[in-house]
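What follows is one structure encoded as structure tokens, with my remarks underneath.
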Ligand SMILES: [Zn+2]
């Protein structure tokens, strides 16, 4: 799932647990992606590119047992819960961190090709909806998910437009007929993980900013119409 949509999921969690700091939720929904970036840069997990890269369908997440398997996600989520609920003594925040970390693998299974292992190293079939094999379809589903979250959040029009614009930043990855920066990875596949790292940070900051913008507008409206 696109970094923007993972980040928007943090806003949905914030709606149901307003006391949990947004930064905690934003980090939790992208934690396993951050782990993926680090493990790819260090060569522990592996991504392979086709000789020509036109879309996400040409990017193969060949080996990611520690960041993106179901069992390791549960382990990361349990560690997150342990840290926040038991060590920092914030049980409610800990629960939201657990849900946030797990939300990532759920959304990825809903969009990825079959590249997610349930339990790694057992040779079991890998899972994924297969949508990223037909990236244009994936884009439609991602936009629907964005709109669904926006509806749940009862967001204003500015938030919806901003979310759509943010999605468009990666449009060429979803539409093979459009050429963008994805061709860069044909020659420099090692840049893919760092670029995703930047995309994650950009998505978290942008969505965090949108949240605060929305809060400020609501505050101004209640001040005008008490
Ligand atoms: Zn992911």
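Over the alpha-carbon set of the chain, divide Rg by the Kirkwood Rh and report the Rg/Rh ratio to two decimals.
0.98
With N set to the number of residues, divide the alpha-carbon radius of gyration of segment 21-93 by 2.2 N^0.38 Å and report two decimals.
It is 1.37.
Could you list 50, 108, 115 in order of exposure, starting from the residue whose Cβ has the fewest other Cβ atoms within 10 Å?
50, 115, 108
Taking 1 over the mean of 1/r across every pair of different Cα atoms in segment 80-180, what Kirkwood radius in Å do you get?
With all distinct Cα pairs of segment 80-180 included, I get 16.1 Å.
Considering Cα pairs under 8 angstrom that are at least six residues apart, work out the relative contact order of segment 25-72 and quote it in whole percent.
In percent, rounded to a whole number, it is 35.
Explain nothing, just the number: relative contact order of the chain, from Cα pairs under 8 Å at least 6 residues apart, as a whole percent.
It comes to 27 percent, rounded to a whole number.
For the residues 218, 90, what sequence is obtained by ranking on other C-beta atoms within 10 Å, fewest first?
Going from sparsest to densest Cβ surroundings: 218, 90.
With a 10 Å Cβ neighbour count serving as the proxy for reagent exposure, in which order, fewest first, do 24, 42, 9, 172 appear?
Lowest count first: 42, 172, 24, 9.
For segment 124-226, build the convex hull from the C-alpha positions and give me its volume per residue in Å³.
Enclosed volume per residue, from the Cα hull, is 141 Å³.
Bear in mind that the values in this text are calculations on the coordinates, not laboratory data. Computed from a predicted model, the values in this text were never measured in an experiment. Note that we place each Cβ from the backbone using ideal geometry, even for glycine, and neighbour counts take in every protein chain shown.
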